[in-house]
1. Based on the Cβ-Cβ distance from residue 400 to residue 474, what FRET efficiency comes out when R0 is 41 Å, to the nearest 0.05?
2. With a cap of 14 neighbouring Cβ atoms within 10 Å, and only residues DSSP puts in a loop, list the GluC sites (Glu not before Pro) found in the stretch 268-354.
3. Looking at the chain, send over the antiparallel percent of its DSSP beta bridges, to the nearest 5.
4. For the pair residue 437 and residue 296, how long in nm is the line joining their label points, each one 7 Å along Cα→Cβ?
5. Determine the gain in length on full extension of the stretch residue 229-residue 310; use 0.36 nm per residue of separation and subtract their C-alpha separation, reporting nm with one decimal.
6. Based on the alpha carbons, how large is the Rg to Rh ratio for the stretch 253-432 when Rh follows Kirkwood?
7. Would you work out the charge dipole size for the stretch 253-432 about its Cα centre, treating the Cβ of every Lys and Arg as +1 and the Cβ of every Asp and Glu as -1, and quote it to the nearest 20 debye?
8. Given contacts defined as C-alpha pairs under 8 Å and at least six residues apart, what's the relative contact order of the stretch 253-432, whole-number percent?
Amino acid sequence: MQNNQTGAPVYSMTIGGEPVMTTATIPVINPATGSVFAAAPDAGAAELDRAVSAARAAFAGWRATPLAERRARLIGAAERIEQNARELGALFTREQGRPAGFARQEIHAAAYWFRAMAAIDVPVEIAEDSETRRIEVHHEPLGVVCAIVPWNFPVLLAAWKIAPALVAGNTMVLKPSPFTPLCMLRIAELLRDVLPPGVLNVISGGDALGPMMTAHPGFAKISFTGSTATGKRVMESAARDLKRVTLELGGNDAAIVLPDVDVDAVAEALFFGAFYNTAQVCIATKRLYIHDDIYDALRDRLHAIARSARVGDGALKETQFGPLQNAPQYRRVKQLIEETRAAGHVLLEGGPVPEQGYFLPLTLVDNPPDDSRVVVEEAFGPILPLLRYRSIDEVVARANASEYGLAGAVWSADVDRALEVARRLDTGTVWINQNLQSTPQAPLGGHKHSGIGVENGLVGLLEFTQTKSIYIPRQAGYKTGF
Ligand code: NAD
């Protein structure tokens, strides 16, 4: 790390195991104050080329490294991250805004993912085992993976890519969001003596860097997490040289509350499922369908929770909900709240929020029409429409009437009844009586415009591989024709 002209610390990139700085830098803002507190390198074509070359040079050695050794390196990475969790957690809060306890949780979750992914077996399947031949199906690494991640979970979503890609024998160039580059730059620095040089390269830059990466011919695959609009551009760019893609995109998740729930028992979980991380979660509840019988009671309970929620600087102990992560997102969500109010919909606002920084009150909308912007679009901020429904068929149709299909939830005292509803939702994940859950063992991905492919689980790991079928004859000699 160095300091720039203004005295702000500038974090270094990691390319080929070496620290790399650039003359130009991008400022990093603490969203709780709106002030710049650090800077990150602004990589251009030269640094990108250098990173891709380093990753390509490392690939042959890394893929030939025995799996047990690759696994050991990943476990070593998990240990190094855990040892530095306190420092990384504080940095996370400063750049991302999330309250300290939750920030540290993400650091530990990333380490957990490294360990768990290292334990997943990459199988060799036997497609045929007959008198004449055996056919083995192998899963081989692809080469250099381009990983691009957003600002809402800047460390965990990077771990979801790094761990499986590296276990499978690939090398990587990863780019964090320009809004939250520091934690991943710092983690790469901490791992310089844990992973062989060039296996994991982390570079940062402004808006030009992402498109430059997806167009770079040196990558075999792009693993992208971000908005649906950007995901479409990524796929278009990847198509030019048929790079493989995994796209984890936006969501407009519905949670359906059946009339048999205990309102007081579910209210808090429903609230956190929507507003955790100040509602900047791809798999957050973004449309809350409540049965008519309990609508008024649950709405009032949720409003009471919103009024008592403590919104503020994540560095303060009492804070439950931090700021919006960046100025453009703050402006977008603020405008959506104003537009929703101007359209005459009833807003139920949470308590006061700090004036300085990117803060907005946690806001509920009382039964707006299905075609209102706040229902149709992914807000990705603290405004949640509460929607009244009367029958299961009706609510399933309304929940599925979205261009998105990331996750969903069903809440009921009767798990079997909830399961019947869960089966009918067109989403990649459905939770019953819980939300925001993910695990390294279960695939997570989106239907429709929420993405292509999955992350996590064996299926997610195999997305970082190329399938190869090998036909092995039982006897010597040559088989001709069919
Ligand atoms: P974004 O699409 O604006 O940016 C994501 C990343 O892509 C950033 O690193 C950005 O610099 C980069 N990027 C921007 N333009 C690019 C381009 N043309 N080519 C290549 N890269 C480019 O998204 P965001 O605002 O950072 O994140 C919020 C969105 O991400 C929400 O829609 C959210 O639902 C989604 N998300 C999805 C998941 C999931 O698992 N499905 C997880 C988290 C967030």
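1. Details: r = 51 Å, r/R0 = 1.24.
It comes to 0.20.
2. Working: sites: 268, 318, 338, 339, 349; in loops: 318.
Here the sparse-neighbourhood loop sites are 318.
3. Working: 35 of 75 bridges.
Restricted to the chain, the bridges split so that about 45 percent are antiparallel.
4. About 3.4 nm separates the two model spin labels.
5. 25.9 nm
6. With Rh from the inverse mean 1/r over Cα pairs, Rg/Rh is 0.95.
7. Dipole of the stretch 253-432, to the nearest 20 debye: 520 debye.
8. Computed value for the stretch 253-432: 27 percent relative contact order.
The values are calculated or read from the model by the stated rules, or taken from the named source; none is laboratory data. Note that the structure is a prediction, hence the values are computed from the model and not measured. Note that we place each Cβ from the backbone using ideal geometry, even for glycine, and neighbour counts take in every protein chain shown. Side chains are part of the model used for accessible areas, which takes the heavy atoms of the whole protein and leaves out ligands, DNA and RNA. Shrake-Rupley method; radii C 1.70, N 1.55, O 1.52, S 1.80 Å.
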